[in-house]
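Written out below as structure tokens is the structure these notes cover.
The values are calculated or read from the model by the stated rules, or taken from the named source; none is laboratory data. Just so we're clear, the structure is a prediction, and the values are computed from it rather than from any experiment. Reconstructed Cβ throughout: ideal geometry from the backbone, glycine too, with neighbour counts over all protein chains shown. Remember, those area values only see protein heavy atoms, side chains included, never the ligands or the DNA or RNA. Shrake-Rupley method; radii C 1.70, N 1.55, O 1.52, S 1.80 Å.
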Amino acid sequence: MYSETVMDHFKNPRNVGTIEDADGMGEVGNPVCGDMMTFYIKVKNNLIDDIKFQTFGCGAAIAVSSIVSDMAKGKTLEEASKITNKMVAEALEGLPKQKLHCSNLGADALQKAIQDYRQKKEGTVSRPEAKKCYCPVCDLENPMEAGFCTGCGKEIPDEHAHGH
Amino acid sequence: MPLVYADHVAAMPLHPKVYEAMVPYFNDFYGNPSSIHDSGEKARTAIEEARGKIARLVGSQDEEIYFTSCGTESNNLALKGVALAHQTRGKEIIISGIEHFSIMHTANALERAGFNVIRLPVDQHGLVDPAVVEKAITPQTILISIMHSNPEVGTIEPIAEIGKITRAKNVLFHSDAVSSVGTIPVDVKQLNVDLLSLSAGQFYGPKGAAALFIRKGVRILPLLDGGIQERGLRAGTENVPAIVGMGVAADLAREEIPQRLSHLKKLQVKLTEELPGRIPYLRFLGHPTQRLPGNVSVAVEYIEGEAMLLFMDMEGIQISSGSACISRSLKVSHVMLAMGVDAATAQGSLLFSFGMQNTLADVDRILETLPPVVERLRNISPVYRKAMAKKT
């Protein structure tokens, strides 16, 4: 099901952990959807000096987080900002089609951490990204404020709101 | 490192005697059961013998057993066949919220075709309340379908009690007994069911053979039109080797059910009793006592099921989970959601389903292998870190 690179990163994830005094933190997803990733960065001279992550999720989600941390470490903030989910999937030698949608959130989490750093240190006004909410039961896209899925009627918990 | 296969709800190995009995029907007796000549006659006889064995396993008459290709086909035939035959009388069908996809999606299809589908709730253990069934019945109700047991959480439903109600109200009653037949006693008379699905692959028989019990006198229409195989209810040349295998598997099940019950129960009890001492924050799913033997369904909190499965597989232990990441549809198990298990907890569900070749040593392997896997994944889980921070 998974490529050798995915399995390698899943079995031996790089840069796992948290950074107590992180310069930036980014979190995406939630356990209701199946995947949640938290990234921490330390920035020195405009470089990502240290990066750590924690992930709740399937094999793909863990491998994605691990390779994103590897790709970003030592890069300038500008370079790291250019890492996309597509590049991550390519670096992993592909992901199963059904995993592209849900587990490939690593680059998003990294971008959020960079955004958080810029907001804190440089006072840059961030553009809030348009969020999307998917029903945990039938996967239909719903309005952010929806308390119930417009498709199947199942209740959508508050914390479900997220973009992916 | 020997393999520990504990995913019997997904597939079971063939019993060696079943395999042995099937082989001649691939090589020597390949005739078409509909042919008049000797080869055809031999195949026909073999099918009728198998039918008798299956009838004895579920306590029906021989001619009340109809062969199909799989449990899914049996369930489709039961729902669609009855709906089509009875639609002039009423258009209401009652199912439970924890049915297999082959009931749930068939009911959805009938709903799109203009039928009314009532989906009954279950309690926290996955039980359907017979009183709720009784209240749901209206003069328009033509069929009720409630599964005999749920393989995902192991709960056995009160089918005999529901059967009394449907018989008194004169409504047809179908039960998907695919995960029960061959493992626990199932008797169609005692249950008062009018239709019942069973599959060979769930009692050490081959894939490709299943059956639907249809009580004599129940009107039903076929899904496949063609020849007059299975008395016109299931056209298409019979899968003779698989049907022969199913017959032998049924005979073996009838003889062995008491041993199966006690062996599987032993494995289930050991795992259920010893696991909580080794892994904190577990939640057992399904009914604590009214459950399939050899079935242990448990949610490991704060981590996700597929990741656990991958690590267990690397250690030679094969199990299953109701996590969204496991299902190709990426949806959390509807069974767990119907039972009120929240989606985040369901992501961490694990299902151990034992078979006759499993041993107590296999359970020990699981008890040794799982805790470090859980610890490893919890250590990298932000959900676990947050939950622990809250607790302290």
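Points to keep in mind about this one:
- Residue check, residue B:165 hydrophobic (A, V, I, L, M, F, W, C), surrounded by fewer than 24 Cβ atoms within 10 Å (Cβ to Cβ), more than 24 Å from residue B:105 (Cα to Cα) and within 17 Å of the chain's Cα centre (by Cα): no
- Taken together, the criteria exclude residue A:66 from residues that are more than 8 Å from every other protein chain (Cβ to nearest Cβ), closer than 17 Å to residue A:103 by Cα and open to solvent by 10 Å² or more (accessible area, probe 1.4 Å).
- If you go through region B:337-353 and pick out every residue that is out of contact with any Ser or Thr (no Cβ under 9 Å at 6 or more places or on another chain) and closer than 19 Å to residue B:306 by Cα, you end up with 5.
- Candidates B:57, B:77: the one that is aliphatic (A, V, I, L, M) and touching a strand residue (DSSP E or B) at 6+ places or on another chain (Cβ under 6 Å) is B:77.
- Of the numbered criteria (1) in a loop (DSSP other than H, G, I, E, B); (2) surrounded by 20 or more Cβ atoms within 10 Å (Cβ to Cβ); (3) more than 12 Å from chain A (Cβ to nearest Cβ), the one residue B:289 fails is (2).
- The requirement of being in contact (Cβ under 8 Å) with a residue 12 or more places away in the chain and under 29 Å from residue B:135 (Cα atoms) is not satisfied by residue B:59.
- Criterion (more than 13 Å from chain B (Cβ to nearest Cβ), open to solvent by 50 Å² or more (accessible area, probe 1.4 Å) and farther than 25 Å from residue B:383 by Cα) met by exactly one of A:97, A:82: A:82
- Residue B:38 open to solvent by less than 50 Å² (accessible area, probe 1.4 Å) and among the charged types (D, E, K, R): no
- The helices (runs of 4 or more DSSP H) located wholly in region B:296-392 that include 1 or more residues which are farther than 23 Å from residue B:155 by Cβ, away from every other protein chain (no Cβ under 14 Å) and more than 25 Å from the chain's Cα centre (by Cα) occupy B:360-379, B:382-391.
- Scan of region B:42-80 for residues that are under 19 Å from the mean Cα position of the chain (by Cα), open to solvent by less than 30 Å² (accessible area, probe 1.4 Å) and hydrophobic (A, V, I, L, M, F, W, C), ordered by number: B:54, B:55, B:57, B:58, B:65, B:67, B:77, B:78, B:79
- Residue in region B:82-99 that is within 23 Å of the chain's Cα centre (by Cα), open to solvent by 10 Å² or more (accessible area, probe 1.4 Å) and more than 18 Å from residue B:212 (Cα to Cα) present: yes
- Every pair of residues 6+ apart whose Cβ atoms lie under 6 Å, when the first sits in region B:273-287 and is charged (D, E, K, R) while the second is surrounded by 17 or more Cβ atoms within 10 Å (Cβ to Cβ) and at pLDDT 95 or above: B:283/B:299
- Residue list for region A:1-51, restricted to those being free of Cβ contacts under 8 Å to residues at least 60 places away in the same chain and within 10 Å of chain B (Cβ to nearest Cβ): A:7, A:10, A:11, A:13, A:16, A:17, A:18, A:31, A:36
- Filter result for residue B:14 (open to solvent by less than 80 Å² (accessible area, probe 1.4 Å), part of a loop (DSSP other than H, G, I, E, B) and modelled with pLDDT of 95 or more): yes
- Selection within region A:52-62 - within 16 Å of residue A:6 (Cβ to Cβ) and either open to solvent by 10 Å² or more (accessible area, probe 1.4 Å) or more than 10 Å from every other protein chain (Cβ to nearest Cβ) (or both): none
- Per-region count, region B:226-269, residues in a helix (DSSP H, G or I), more than 29 Å from residue B:295 (Cβ to Cβ) and either open to solvent by 50 Å² or more (accessible area, probe 1.4 Å) or without any contact (Cβ under 8 Å) to a residue 24 or more places away in the chain (or both): 2
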